[in-house]
């Protein structure tokens, strides 16, 4: 199933699914904000280590800065993906609510009915029609005499 495929769900299930995506989006937004604070913190620490003249400490701080900056970039990419998906899901959910979900799967119902009753007997129907036509022809002949 594709992340944005909610057509097979009922309105309640679809709303719950979209809500889960929105919750994840909000959590990711908070994680991006926390990562931005980490980047700012480690940028200040790199500057502090350099101002003290401790290049070894500055190098370690730069390594940590690169790590948190990479994490922030990954979270931002995930956030952009989630925003696009939530937008599509909201649109599909609105459409689903307007049109209403199909309460009965007619194809499934037909398959179940055929399983219980059996397939329609076309031969019997055709033979009954022929017998009826033959009886009608016989009646016409009697009436013509």
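The values are calculated or read from the model by the stated rules, or taken from the named source; none is laboratory data. Keep in mind it's a predicted model, so treat the numbers as computed, not measured. Note: ideal-geometry Cβ built from the backbone for every residue, glycine included; neighbour counts use all protein chains shown.
Key figures
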item: From the options 31, 47, residue that is touching a helix residue (DSSP H, G or I) at 6+ places or on another chain (Cβ under 6 Å) and either farther than 30 Å from residue 96 by Cβ or at pLDDT 90 or above (or both); result: 31
item: Hits in the range 1-14 (condition: assigned to a helix (DSSP H, G or I) and more than 11 Å from residue 92 (Cβ to Cβ)); result: 11, 12, 13
item: Among the candidates 132, 115, residue that is surrounded by 10 or more Cβ atoms within 10 Å (Cβ to Cβ), at negative phi and either modelled with pLDDT of 75 or more or not assigned by TED's automatic domain parsing to the domain that holds residue 10 (or both); result: 132
item: Hits in the range 68-127 - residues which are within 22 Å of residue 22 (Cα to Cα) and without any contact (Cβ under 8 Å) to a residue 12 or more places away in the chain; result: 73, 74, 77, 80, 81, 84, 87, 91, 94, 95, 98
item: Segments classed as helices (runs of 4 or more DSSP H), wholly inside the range 29-145, with at least 2 members that are under 23 Å from residue 5 (Cα atoms) and under 47 Å from the mean Cα position of the chain (by Cα); result: 55-99, 106-117
